[in-house]
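In what follows, a single structure is set out as structure tokens and then discussed.
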Amino acid sequence: MQNLYDNETFFNMYKKLRETRVTHNDFIEQPAMKRLLPELKGLKVLDLGCGFGEMAHYCIEKGAAQVTGIDISEKMLSAARPHPQIRYLHCPMEEVECNRHEFDIVISSLAFHYIKDYELLIRRIANWIKPRGYLVFSTEHPVILAHQSQKGWIRDSDSSILHWPIDNYGEEGSRAQFWGIDGVIKYHRKLSTLINVLIQNGLTVQEVDEPESIAEGLAKKPTLLNEKRRPSFILIKARKQEEEWGGPERT
Ligand SMILES: C[S@@+](CC[C@H](N)C(=O)[O-])C[C@H]1O[C@@H](n2cnc3c(N)ncnc32)[C@H](O)[C@@H]1O
């Protein structure tokens, strides 16, 4: 388990980046996440990898009764704004203990690609969600994480973009990349894995999104137009079934 965001150099780089308010989060991921969230009035929310707690605050603004935010990084949580209806827990999401049917909705923004065992995580989350409750999450797109080299766009001699390389798609597992520091580890999973593991755990997929930038983002950061060439993120909204789930039907 890598606690990347407690690395001093990485944390300072990431905090500075988010403070610019001109990021992929602001113009692509967060607008898409907010659009996918159901009516939150009175709901109990669990936010996995909550970071600075921005989405937790958004949920409270939208009427959620209570948000539990969980993060592995002490530095991220110490920069999170407190709120009487938000409880922050310093814990890896792989180890947190929640009660069966404790939450109406589990959300997670851009944290699942740091998790090695997606299948186990989803099995545990499905147990924490009430029947008819939701899981809404975003993660880096398989198209981004597939290539073993993780070197980004293929460019010509003038540095103009030629194309995005896809390779090693079927080889699920860890990918090491440079992002402010060397050795940032993320986990690549096929699109079918992201979706089938939900289905196998009684979660019905309601919507999948591969968002592009909102108009304000294109005006402030024109390179975001490149999202048309390949998506950075995928978001999935899934709903737990009414009846207790006994595993996939056998034929
Ligand atoms: C890209 S940041 C996103 C933060 C926040 N969700 C947002 O969208 O603003 C990823 C967050 O996931 C957290 N994280 C990474 N691995 C984790 C783990 N195993 N358990 C809990 N949190 C984790 C990081 O510490 C970081 O705060």
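The values are calculated or read from the model by the stated rules, or taken from the named source; none is laboratory data. Everything numeric in this text was worked out from a predicted model, so none of it was measured. Glycine gets a Cβ as well: all are built from the backbone with ideal geometry, and neighbour counts include every protein chain shown. Accessible surface areas use protein heavy atoms only, side chains included; no ligands, DNA or RNA. Shrake-Rupley method; radii C 1.70, N 1.55, O 1.52, S 1.80 Å.
Counting other Cβ atoms within 10 Å, which GluC sites (Glu not before Pro) in the stretch 14-68 have at most 10 and lie in a DSSP loop?
Numbers: sites: Glu19, Glu29, Glu39, Glu54, Glu61; in loops: Glu39.
Hits after loop and neighbour filter: Glu39.
For the chain, what is the mean residue ellipticity at 222 nm derived from helices alone (per DSSP H run of n ≥ 4: -39500 (n - 2.57); sum divided by total residues; nearest 500 deg cm²/dmol)?
Details: 8 runs with 64 residues, N = 251.
-7000 deg cm²/dmol, from helical runs alone.
If you wrap a convex hull around the C-alpha atoms of the chain and split its volume per residue, what is the figure in Å³? Write out the running numbers ahead of the final one.
Numbers: hull volume 34.3 nm³, N = 251.
Residue-normalised Cα hull volume stands at 137 Å³.
Please report the antiparallel percentage of the DSSP beta bridges confined to the chain, to the nearest 5.
On the way: 22 of 41 bridges.
Once the DSSP bridges in the chain are tallied, antiparallel ones form about 55 percent.
Rounded to the nearest 0.05, what FRET efficiency do Arg100 and Asn168 give with R0 = 51 Å and r taken as the Cβ-Cβ distance? Could you check? Please report the intermediate quantities before stating the final value.
On the way: r = 38 Å, r/R0 = 0.74.
Efficiency at R0 = 51 Å is approximately 0.85.
How high is the relative contact order of the chain, given as a whole-number percent (alpha carbon pairs under 8 Å, six or more residues apart)? Present the calculation step by step, with values, prior to reporting the outcome.
Working: 473 pairs, mean separation 49.6, N = 251.
Relative contact order here is 20 percent.
Under the rule a/c < 1.5 gives rounded, and otherwise a/b versus b/c splits prolate from oblate, where does the stretch 167-227 land using the Cα gyration tensor?
Values: a/c = 2.72, a/b = 1.23, b/c = 2.21.
The shape class here is oblate.
In the stretch 1-105, what percentage of the DSSP-assigned beta bridges are antiparallel, given to the nearest 5?
Numbers: 1 of 12 bridges.
Looking only at bridges with both residues in the stretch 1-105, the antiparallel portion is about 10 percent.
Taking 51 Å as R0, compute the FRET efficiency from the Cβ-Cβ separation of Asn3 and Ser157 and round it to 0.05.
Working: r = 40 Å, r/R0 = 0.78.
Here the calculated transfer efficiency is 0.80.
Return one whole number: the accessible area per residue of the stretch 127-251 in Å², for a 1.4 Å probe. Spell out each step's value before the answer.
Working: 6800 Å² over 125 residues.
Per residue, the stretch 127-251 has 54 Å² of solvent-accessible surface.
Where does the charge balance sit around Gly180 when Lys and Arg score +1, Asp and Glu -1, over other residues with C-beta under 15 Å from its C-beta? The partial results should precede the final answer.
Values: positive: Lys15, Lys16, Arg18, Lys75, Lys186; negative: Asp6, Glu8, Glu19, Asp182.
That works out to +1.
Excluding Val197 itself, what net charge comes from residues whose Cβ is under 9 Å from its Cβ, given Lys and Arg +1 and Asp and Glu -1?
Numbers: positive: Arg123, Arg189; negative: Glu119.
Computed value for this residue: +1.
Within the set of other residues whose C-beta is less than 9 Å from the C-beta of Leu110, count the net charge using Lys and Arg as +1 and Asp and Glu as -1. Provide the component values of the computation, followed by the final result.
Working: positive: none; negative: Glu29, Glu140.
Once positives and negatives cancel, what remains is -2.
I'd like to know which of Asn12, Leu225, Met1 lies farthest towards the positive end of the charge dipole of the chain, counting +1 on Cβ of Lys and Arg and -1 on Cβ of Asp and Glu.
It is Leu225, whose Cα lies furthest towards the positive end.
If you take the square roots of the eigenvalues of the alpha-carbon gyration tensor of the stretch 40-140 and sort them as a ≥ b ≥ c, do you get rounded (a/c under 1.5), prolate (a/b over b/c) or oblate? Intermediate values should be presented prior to the final figure.
Details: a/c = 1.62, a/b = 1.06, b/c = 1.52.
It comes out oblate by the Cα gyration axes.
In whole percent, and with a 1.4 Å probe on the protein chains, what portion of the accessible area of the stretch 1-64 is carbon and sulfur? Don't skip to the end; give the middle numbers.
Numbers: 1400 of 2840 Å².
Carbon and sulfur atoms account for 50 percent of the accessible area of the stretch 1-64.
Among 128-140, 93-105, 214-226, 71-83, how do they line up by average Cβ neighbours within 10 Å per residue, starting with the highest? Please report the intermediate quantities before stating the final value.
Numbers: 128-140: 21.1, 93-105: 15.5, 214-226: 13.8, 71-83: 17.2.
Going by the mean number of other Cβ atoms within 10 Å, highest first, we get 128-140, 71-83, 93-105, 214-226.
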